[in-house]
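In what follows, a single structure is set out as structure tokens and then discussed.
The values are calculated or read from the model by the stated rules, or taken from the named source; none is laboratory data. Since we're looking at a predicted model, the values are computed, not measured. Cβ coordinates were reconstructed from backbone atoms using ideal geometry, including for glycine residues, and neighbour counts include every protein chain displayed. Calculation scope for accessible area: heavy atoms of the full protein, side chains included, ligands and nucleic acids excluded. Shrake-Rupley method; radii C 1.70, N 1.55, O 1.52, S 1.80 Å.
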Amino acid sequence: MRPSIRFILFVSVALIASFGACDAALGFSETPYAGRSDYGDSCWYSNCHAVANTDGTGPHGNYSTTSQTCSLCHTLHDASNSGIKLLPQATVTSMCFMCHDGTGSPGSGVYGAIIGRGLTVGAEHSVNATSVVPGGDPDGGSATVAFSESGLLGCGDCHSVHGNNTVARFAGERARSSSNDTFRNTELRSTRLLKTRPGVATTSVAEYGSDWCLSCHLGRSSGSAVVHNHPVESSLTTSAPYVYDRVPRMYSNSSTSTQVLGTMGRLGTDPATGLTRVRHNRAFVMPWPRTTLQTGHLPICMQCHEDTRYVGEVGAVAASVVSVRDGSSSTDNPRFQNFPHETLGYRMLVESTRTAYTDDLCLNCHPLAQLP
Ligand code: HEC
Ligand code: HEC
Ligand code: HEC
Ligand code: HEC
Ligand code: HEC
Ligand code: HEC
């Protein structure tokens, strides 16, 4: 077996830890960790499923004098010649796919899960394939950018592998793979290792919102002297822009005008029902007339660009149901939570088919009563 294949096997086994202890072939101790009979000592100490992994960072952080993490990715003396930075693979992106690969059964991961379920990808941020950013030129056209994988866009352009220099934590909505992880049943607020300077950005972005996307899509902002885009909230339009973790959302699925400020992701506690860990679609619609929370504000990118789903409308927002990970249930809404890696819909728009967006998207915020 080539070392890389052996590594993939080991990692697969390590990640599917619900089956039992880690694979001894990795040189990991299979002695069950006291108190967690489902994990071997090393699975636990290696920091993938570890005591310290209370924030979803896995092997990408919480490094300490007692953790054993570096060796998961770095081969100290016998790395292959094609390898970089003492890594067992030729590129950083192929390195990431060793653990985050969705192409194989059971199709878990941020890329590959859609094809893995026999469906067609509608839009994506493809990796190792392009250096052209649509709307990347400040004047609205495309721009060619020197990304990290020999000029092509790779995982490392958006993510910081050691968890350094990242945006503030936020509540996401993706169902995580590890069925046994310690925070499976808690709200997961993490940085998603998102770099404060994605791509070749020279200014830092502290929070995940429009400004983060605009680091690469410079020509999709409001306020350009050359192009007129749909209005969008960013630091160019207001001094304290709304971000993914802080936008006005409908107070409940049935509210017609009341909004609260909070996350687009999973709610710790739903103020309307008192229930915890609630997924919702309440930030994709805006009531008309607009509310005071919206005065002086515009939608952020993710209120239009997110995982393909049915949103409903003001007063009848559709429930968000994710019953299982990686799109295994065709009735889940959204079925996949892979944005911005890949989505079912056109241009990664929430309400869209694979080839076009529908008026449903526009009607989320512009009801017929508003139109002149
Ligand atoms: C999840 C995999 C992973 C783990 C765990 C990991 N690294 Fe890395 N490391 C990488 C990758 C990928 C790169 C290359 C990053 C790049 O080139 O952008 C890298 C690069 C480095 C570099 C070179 C930085 C440079 O700019 O030249 C050092 C030093 C390093 N790692 C040390 C460590 C140490 C020390 C630990 C443990 C505390 C560790 N790494 C854990 C994946 C990992
Ligand atoms: C050795 C296996 C391994 C490798 C290699 C690896 N990861 Fe991870 N990664 C994990 C595990 C395990 C988690 C934690 C998952 C969980 O607990 O839900 C994780 C979590 C993440 C997260 C979520 C972090 C958060 O704070 O929510 C991101 C983003 C991520 N990895 C990106 C990458 C990228 C990019 C690379 C390549 C540079 C990479 N990973 C390489 C195993 C790995
Ligand atoms: C264009 C930027 C971009 C690229 C390229 C990219 N990602 Fe991400 N990734 C993101 C963003 C943004 C999020 C957070 C999405 C959210 O929570 O809504 C994310 C989230 C993740 C997560 C955590 C998902 C969760 O469970 O919350 C993982 C794992 C991950 N990315 C891995 C990768 C890997 C591996 C690659 C390369 C094969 C990659 N990403 C390439 C932007 C990117
Ligand atoms: C690191 C730079 C970078 C960041 C950050 C980034 N993008 Fe992109 N984006 C790209 C590139 C490059 C492409 C072209 C991808 C391709 O051709 O596969 C792209 C493509 C797109 C597309 C068109 C996809 C299609 O297939 O039609 C949309 C929509 C988009 N991005 C929206 C966003 C949003 C929203 C964000 C923030 C969540 C974001 N991007 C963050 C670089 C980036
Ligand atoms: C009000 C909804 C809305 C908002 C907000 C929005 N977009 Fe879009 N975006 C669209 C629609 C609709 C399309 C498809 C246009 C078409 O193909 O006709 C699109 C297309 C795109 C494309 C691909 C095609 C192109 O012309 O470049 C990119 C890239 C993009 N948007 C980036 C962004 C970014 C980055 C933001 C935030 C700064 C953003 N969008 C905010 C609705 C929106
Ligand atoms: C997430 C909410 C949201 C969605 C979805 C949305 N819009 Fe908007 N749109 C706004 C807001 C907010 C404004 C600012 C004016 C206002 O409050 O109506 C706006 C403004 C506009 C304007 C006025 C532009 C200007 O420069 O003055 C037009 C035209 C428009 N939208 C068309 C659309 C179309 C077409 C779609 C569907 C592709 C769409 N919008 C989707 C929220 C949204």
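It is to be established whether one or more residues within the stretch 237-246 are open to solvent by 30 Å² or more (accessible area, probe 1.4 Å), within 12 Å of ligand 5 (Cβ to nearest atom) and either without any contact (Cβ under 8 Å) to a residue 12 or more places away in the chain or not aromatic (Phe, Trp, Tyr) (or both). For the stretch 237-246, residues open to solvent by 30 Å² or more (accessible area, probe 1.4 Å), within 12 Å of ligand 5 (Cβ to nearest atom) and either without any contact (Cβ under 8 Å) to a residue 12 or more places away in the chain or not aromatic (Phe, Trp, Tyr) (or both): present.
Of the residues making up the stretch 214-229, those that are outside any loop (DSSP other than H, G, I, E, B) and of a type in the set (A, V, I, L, M, F, W, C) are Leu214, Leu218.
Filter the stretch 219-236 down to the residues that are of a type in the set (A, V, I, L, M, F, W, C) and crowded, with 20+ Cβ neighbours inside 10 Å and list them by number. If the condition is that a residue be of a type in the set (A, V, I, L, M, F, W, C) and crowded, with 20+ Cβ neighbours inside 10 Å, then Val232 is the only one that fits. Residues in the stretch 346-365 that are in a loop (DSSP other than H, G, I, E, B) and either within 16 Å of ligand 3 (Cβ to nearest atom) or open to solvent by 80 Å² or more (accessible area, probe 1.4 Å) (or both): Val350, Arg354, Thr355. The set of residues from the stretch 120-173 being open to solvent by 30 Å² or more (accessible area, probe 1.4 Å), within 18 Å of Ser210 (Cα to Cα) and in a strand (DSSP E or B) comprises Glu124, His159, Thr166.
Filter the stretch 61-95 for residues that are of a type in the set (Gly, Ala, Ser), at pLDDT 75 or above and surrounded by 14 or more Cβ atoms within 10 Å (Cβ to Cβ) and give the result.
Gly61, Ser67, Ala90, Ser94 - these are the residues of the stretch 61-95 that are of a type in the set (Gly, Ala, Ser), at pLDDT 75 or above and surrounded by 14 or more Cβ atoms within 10 Å (Cβ to Cβ).
Does Arg309 satisfy the condition of being open to solvent by 60 Å² or more (accessible area, probe 1.4 Å) and of a type outside the set (Ser, Thr, Tyr)? Criteria not met by Arg309.
Of everything in the stretch 96-119 that is at pLDDT 85 or above and either in a helix (DSSP H, G or I) or basic (Lys, Arg) (or both), the residue that is surrounded by the fewest Cβ atoms within 10 Å (Cβ to Cβ) is Ile115. Taking the criterion of being under 30 Å from Pro59 (Cβ atoms), touching a residue at least 60 places away in the same chain (Cβ under 8 Å) and assigned to a helix (DSSP H, G or I), the only residue of the stretch 184-213 that qualifies is Cys213. Reported count of residues in the stretch 248-276, each being in a strand (DSSP E or B), touching a Ser or Thr at 6+ places or on another chain (Cβ under 7 Å) and open to solvent by 50 Å² or more (accessible area, probe 1.4 Å), is 2.
Among the residues of the stretch 242-270, the one identified as modelled with pLDDT under 95 and over 21 Å from Pro334 (Cβ atoms) is Thr269.
At pLDDT 95 or above and closer than 24 Å to Gly223 by Cα: does that describe Leu361? So Leu361 fits the description; yes.
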